[in-house]
Structure formats: structure tokens, C-alpha cells
Amino acid sequence: MPDSLPDGRKRATALDVARLAGVSRTTVSFVFNDRAEARGISPATIQRVLDAAQELGYTPDRAARILRSGVSDLVVFTGPHPVALGAFALEVLNEVSDQLSDEGFHFIMRRARPDRPAHEVWRQLSPAFVVGLELTAADVADLETAGIPVLDANLGTFDDALGTLQARYLLDQGHTALAYATPTEERAAAYAGRRLAAVRRTCEEAGAPAPVHLKTTLDPEAAATAVSSLRDHPGVSAICAYNDDVAFAVLAGMARLGLRAPEDLAVIGSDNIPLSAVAVPSLTTIDPGVLPIANYLTHVVLSAIAGSQPDVDALPPPPTVVVRHSA
């Protein structure tokens, strides 16, 4: 760790804190390594050390602390570079970060790139745990060899559940022919493709025709062009959107065409982001459950770090439909 701060001031040391607090350097070490109570150090003394550290701007040397404890305080999220992280995924990661911070861990995100393979991330950082998005078998094997616990968040089942629930809801509402709107971004193609496949399967099981596939950018004119193509499919009365952002684009495109939801076309999104409740019309959508998923991820991480198995009862509940005005 550098001996000085960016502004040139000398970095405070544990000895500086000890002198200001009127205690020994060993006491400061016990306080910052969570061993104060076990050593019989009084709450008043602990607080005096913390106050002195705050006054001096003292930060313990993280590397030294890890060497002493033998446990890294880093949890790393990594995923392939081209993959898009939408508002829902970012909300989940933010919540996990907050929960892990409360437990004394730092949660950081690193994206693998063609010039920087995923394994370089954990080899350089030596984390306590890795949460991976669509990791390869080689990545998982590398982590296991390194003795680093890992959760591979493969989203195939998740995507299938979202697409299935969207289609079932619309079919149960009496719609007999559906469309499915996806973004044109290549980085979302894998997820969109799985959800579309789930909608197709659900329609087939219900005896309904295969959904019409619409592609659009998040632009009202582009969405209007996509929606207008449904004139060649007069039986379609409802649209499943890949996520809420695409649903908003579809609603904007419909407005350009003088169409209303749900009177002319019903629209259902996915993710239940905050804007879905205040859109006009308010958006019917799928709520995957930010907090339950974040709670489960945090539980898995902390259980693995502690060397125990996660509680099966901690599994998040399935996604639900949030019924509003658009469908």
C-alpha cells in the first residue's frame, strides 16, 4: 500500500490510531480484525479506536488482513463480454452487493473479453467466491482446481419460465394468436431466443399458431414498423415483449400507429422495473423477484464460504404476473 495519499498527505498507520486513541497497536489490530470482544476489549475502547481511525482517515491494509485471516473478502461476478445486463439483472447485483457488504465482503464485477479470458479474473484477484454468468465447463473446472467455490448462473431455466408465463397469461385471457417482440441487439440474442422458444412451445401445447416474431430497437419509429407488420397477421391480438424496455418501445410504436393497448393489441413485458407501473398505459409484466433472487444468491455465497450447504428452503419463488392495464 502506498505511504501517501493522492493529495500528498502521509497515510495514517495503525500506530497513529493507537497513539490518538491512547491504546496499544495490538488493540487497534484486534479491533480491525473483529477479535476485540474475544480479547475482552471494552465497547468504549473499541469505539475510541474507531473514532480515532475515522478522524485520521485510517484504512486497514486489506492484503495484510487477508494474509492474517486466510480468507479473501472479495466475491466476483463475471460474465461474457457481449452479454447485455438489463435493469433487472443490475438491480439484483446491486442488492447482492449491499447484502455482502453488510457481511464484510466486497462484491465486484468483471467482464471477460476475447483478449482477457475469464480465468485471468480469479487468478489475479483470488476471490472467496465467484458468481458466473454462462461460464464454460473449462471455467468451472479451472475454479474447482483452484479451490474457489463457484455458482454458475445459467439462465436457461429462468428464461424458459418467463416466456412460458407470458404466453400462458395471454392465452388464458382469450387471445388465440400471439407475437413476440425481441431487441435487435446481438448480445441479447441467446436470452431472447430461449424466451421465444418457450412462447412457441406454450402456444403449440395450447393448439395456438406459432408466435409472429417481431424485431425492434428501442425507438418508436422502428417499433411502429415492427408492429405494422402485424397487418399481415390479422389474427394476432397480443404481444409478449422480451423485457419491459422492449414493451415500452412497442407501446410507443403502437401510439404512432394510432393503436391502443389493450383495446387493439395487448402487451406484456418482463422484469417489472419501476417505470412499468407509471407507463401509460401501465404495463402488465412478469415480476421475477429482485429481492428473493438476491437473497438466494447471497445465501449460496455465504454458505459456500462458510463451508456449508445452502438451505433448499431458501430457493426463490417462481416469477409472477403483475396485472396492470396493458394486457
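The values are calculated or read from the model by the stated rules, or taken from the named source; none is laboratory data. Bear in mind the structure is a predicted one, so any value in this text is a computation, not a measurement. Ideal geometry is used to build each Cβ from the backbone, glycine not excepted, and the neighbour counts take in all protein chains shown.
Here is a check on your reading of the model: is Ala294 closer than 21 Å to Glu103 by Cβ, under 22 Å from the mean Cα position of the chain (by Cα) and not polar (S, T, N, Q)?
yes
The rows are residues; the columns are (1) touching a Lys or Arg at 6+ places or on another chain (Cβ under 9 Å); (2) modelled with pLDDT of 95 or more; (3) farther than 17 Å from Phe88 by Cα.
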| position | (1), (2), (3) |
| --- | --- |
| Tyr191 | no, no, no |
| Ala198 | no, yes, yes |
| Glu221 | yes, yes, yes |
| Val236 | no, yes, yes |
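On the given criteria, is Leu155 modelled with pLDDT under 80, of a type outside the set (S, T, N, Q) and within 19 Å of Leu85 (Cβ to Cβ)?
On the way: modelled with pLDDT under 80: yes; of a type outside the set (S, T, N, Q): yes; within 19 Å of Leu85 (Cβ to Cβ): yes.
Spelling it out, Leu155 is indeed modelled with pLDDT under 80, of a type outside the set (S, T, N, Q) and within 19 Å of Leu85 (Cβ to Cβ).
List pairs: first in the stretch 174-185 and at positive phi, second surrounded by fewer than 23 Cβ atoms within 10 Å (Cβ to Cβ), Cβ under 9 Å, 6+ apart or cross-chain?
Gly174/Ser237
Of all residues being assigned to a helix (DSSP H, G or I) and not aliphatic (A, V, I, L, M) in the stretch 283-325, which is surrounded by the fewest Cβ atoms within 10 Å (Cβ to Cβ)? Just the residue, please. It would help to see each step written out before you state the result.
First pass over the stretch 283-325, keeping only residues assigned to a helix (DSSP H, G or I): 290-305, 312-314.
Those still in the list that are not aliphatic (A, V, I, L, M) too: 292, 295-296, 298-299, 303, 313.
On the way: Pro292: 16, Asn295: 16, Tyr296: 20, Thr298: 23, His299: 17, Ser303: 16, Asp313: 6.
For the stretch 283-325, the residue satisfying everything is Asp313.
Before we move on, is Arg201 closer than 22 Å to Asp245 by Cβ, touching a residue at least 12 places away in the same chain (Cβ under 8 Å) and part of a helix (DSSP H, G or I)?
Working: closer than 22 Å to Asp245 by Cβ: no; touching a residue at least 12 places away in the same chain (Cβ under 8 Å): yes; part of a helix (DSSP H, G or I): yes.
Considered against the rule, which asks whether it is closer than 22 Å to Asp245 by Cβ, touching a residue at least 12 places away in the same chain (Cβ under 8 Å) and part of a helix (DSSP H, G or I), Arg201 comes out as no.
From Thr202, Thr182, grab the single residue that is touching a helix residue (DSSP H, G or I) at 6+ places or on another chain (Cβ under 6 Å), buried (at least 19 other Cβ atoms within 10 Å of the Cβ) and farther than 21 Å from Met254 by Cβ.
Thr202
Yes or no: Ala226 hydrophobic (A, V, I, L, M, F, W, C), assigned to a helix (DSSP H, G or I) and within 27 Å of the chain's Cα centre (by Cα)?
Working: hydrophobic (A, V, I, L, M, F, W, C): yes; assigned to a helix (DSSP H, G or I): yes; within 27 Å of the chain's Cα centre (by Cα): no.
Taking the combined requirement at face value, the residue does not satisfy it.
Keeping to the stretch 119-151, report how many residues are crowded, with 21+ Cβ neighbours inside 10 Å and not aliphatic (A, V, I, L, M).
Here the count works out to 5.
Report whether or not Val49 is more than 30 Å from Ala189 (Cα to Cα), of a type in the set (Val, Ile, Thr) and modelled with pLDDT under 80. Steps first, answer last, please.
Working: more than 30 Å from Ala189 (Cα to Cα): yes; of a type in the set (Val, Ile, Thr): yes; modelled with pLDDT under 80: no.
No: the conditions fail for Val49.
Pro6 versus (1) modelled with pLDDT of 85 or more; (2) part of a loop (DSSP other than H, G, I, E, B); (3) closer than 16 Å to Thr59 by Cβ: which is the lone unmet condition?
Here Pro6 clears every test but (1).
Which of (1) crowded, with 24+ Cβ neighbours inside 10 Å; (2) out of contact with any Asp or Glu (no Cβ under 7 Å at 6 or more places or on another chain); (3) part of a strand (DSSP E or B) is the odd one out, the single condition Val250 does not satisfy?
Val250 satisfies every listed condition except (3).
Of everything in the stretch 229-247, what is touching a residue at least 24 places away in the same chain (Cβ under 8 Å), assigned to a loop (DSSP other than H, G, I, E, B) and surrounded by fewer than 24 Cβ atoms within 10 Å (Cβ to Cβ)? Give them in sequence order. So that I can check it myself, show each step before the final result.
From the stretch 229-247, those touching a residue at least 24 places away in the same chain (Cβ under 8 Å) are 230, 233, 235-247; that's our starting set.
In the following step, the residues that additionally are assigned to a loop (DSSP other than H, G, I, E, B) were identified as 233, 235-237, 242-243.
Once the filter is applied, which keeps residues that are touching a residue at least 24 places away in the same chain (Cβ under 8 Å), assigned to a loop (DSSP other than H, G, I, E, B) and surrounded by fewer than 24 Cβ atoms within 10 Å (Cβ to Cβ), the stretch 229-247 yields His233, Gly235, Val236, Ser237.
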